[in-house]
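Enquirer: Quick one: the structure is below, and I'll ask about it shortly.
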Amino acid sequence: MLYIVATPIGNLEDITFRAVNVLKSVDLIAAEDTRHAGILLKKYEITTPVKSFHAHSDERRLNEMISYMREGKSVALISDAGTPGISDPGYVLIRRAIEEGFKVVPIPGPAAFLTALMAGGAPTNQFLYLGFIPAKKGRQKFFTPFFDTKHTIVFYESPHRLLKTLGQMAELMPKRNIVVARELTKIYEEFYRGTAEQALEHFSGAKIKGEFVIVVGPDGHQ
Ligand code: SAM
């Protein structure tokens, strides 16, 4: 059996009772980064064995996890933050587990894009999640069709590319209102609301730190 367990995106208290109980009761935790996972596991006194499973894990590690489940053992997949499989490793393991006929059980919890949408203030009845946009070539081409949509758009951006992205957005969609959600659930949580140009001005100057989600409101949204 494979459990897919969502863990906090910052504030360690954002974890469900069920997630803690599952992590305590499974035979193995497959974690994106074992050291990172250790902080959470220590806080909740979870002593289950942990093995790494990340984006660069090879076929051998995947097979190891599958053999483990074939023996009737249960595995819980966690990522460094939020929901595994959402812009995070896990897809190949989840897919293989389904193909092999194992029961796959989601244990829901935080995801950064949903947390940003919750308090961002843009309409959330329909939205488009883009994950991470391309880091280098083809960004403008990638962006353009999405910015033509009438729906709210949400995506992840790294601190190194924030200003570049805001600059491109200011050119492509100068009138649309956006929300830059930074360090969600953490001490320096911030929601900056305005146009891309205003956001660019707001974030320019100081060193850009933290984790970011960008929400783009639909055309005409205040
Ligand atoms: N699986 C995660 C989820 O469910 O949201 C996403 C993992 S992805 C590798 C990491 C990106 O998510 C960060 O670069 C950032 O854009 C966003 N993110 C994660 N935690 C965040 C937070 N506390 N505040 C703002 N953005 C966050």
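Any read-out appearing in this document is the output of simple, stated calculations on the displayed coordinates, not a laboratory observation. Just so you know, these numbers come straight off a predicted model, no measurement behind them. We place every Cβ from the backbone using ideal geometry, glycine too, and count neighbours over all the protein chains shown.
Enquirer: Past 32 Å, Cα to Cα, is the threshold; run LYS42/LYS103; LYS43/LYS136; LYS43/LYS73; LYS43/LYS103; LYS103/LYS186; LYS43/LYS150 against it and keep the listed order. Present the calculation step by step, with values, prior to reporting the outcome.
Expert: Numbers: LYS42/LYS103 28 Å; LYS43/LYS136 38 Å; LYS43/LYS73 25 Å; LYS43/LYS103 28 Å; LYS103/LYS186 34 Å; LYS43/LYS150 43 Å.
Pairs exceeding the cut-off: LYS43/LYS136; LYS103/LYS186; LYS43/LYS150.
Enquirer: Quote to one decimal, in nm, the extra length available between GLU190 and LYS175 on full extension: 0.36 nm per residue of separation minus the C-alpha distance between them.
Expert: In short, 3.2 nm is gained.
Enquirer: Going toward the positive end of the dipole of segment 21-166, with +1 on Lys and Arg Cβ and -1 on Asp and Glu Cβ, which of TYR91, LEU130, LEU28 do you reach last?
Expert: In segment 21-166, that residue is LEU130.
Enquirer: Counting only C-alpha contacts under 8 Å and six or more residues apart, can you give the relative contact order of segment 2-107 as a whole percent?
Expert: It rounds to 43 percent for segment 2-107.
Enquirer: How much net charge surrounds VAL20 when only other residues with a Cβ under 15 Å from its Cβ are counted (Lys, Arg +1; Asp, Glu -1)?
Expert: After counting each charged neighbour, the total is +1.
Enquirer: Separation between the ARG60 and HIS221 pseudo-spin-labels, each 7 Å from Cα along Cα→Cβ, expressed in nm?
Expert: For the pair ARG60/HIS221, the computed spacing is 4.8 nm.
Enquirer: Something else about it: Could you tell me whether segment 112-216 comes out rounded, prolate or oblate from its Cα gyration tensor? Rule is a ≥ b ≥ c as square roots of the eigenvalues, rounded for a/c under 1.5, then prolate if a/b exceeds b/c, otherwise oblate.
Expert: rounded
Enquirer: May I pose another question? Looking at segment 1-53, which GluC sites (Glu not before Pro) are DSSP coil and have at most 12 other C-beta atoms within 10 Å of their C-beta?
Expert: GLU13, GLU45
Enquirer: Relative contact order for segment 112-222: what percent, with Cα pairs under 8 Å and sequence separation of 6 or more? Intermediate values should be presented prior to the final figure.
Expert: Values: 191 pairs, mean separation 38.9, N = 111.
Reported as a whole number, the value is 35 percent.
Enquirer: For segment 47-202, what does the relative contact order come out to in percent, with C-alpha contacts under 8 Å and a separation of six or more?
Expert: 15
Enquirer: Which residues does the label zone of GLU13 cover in segment 33-70, counting backbone N under 16 Å from a point 7 Å along Cα→Cβ?
Expert: So the set is 43-44.
Enquirer: For LEU128, project a label point 7 Å along Cα to C-beta. Then give me every residue of segment 148-167 with its amide nitrogen under 12 Å of that point.
Expert: 148-155, by backbone N distance to the label point.
Enquirer: If you average the C-alpha positions of segment 132-185 and of segment 1-47 separately, how far apart do those two centres end up, in angstrom?
Expert: Here the answer is 31 Å between Cα centres.
Enquirer: Moving to a separate point now. Given 0.36 nm per residue, what is the gain on full extension from ASP27 to SER204 after removing their alpha carbon distance, in nm?
Expert: The ASP27-SER204 span can extend by a further 58.9 nm.
Enquirer: Could I ask something else about it? Determine the gain in length on full extension of the stretch HIS36-ALA135; use 0.36 nm per residue of separation and subtract their C-alpha separation, reporting nm with one decimal.
Expert: Length gained between HIS36 and ALA135: 33.2 nm.
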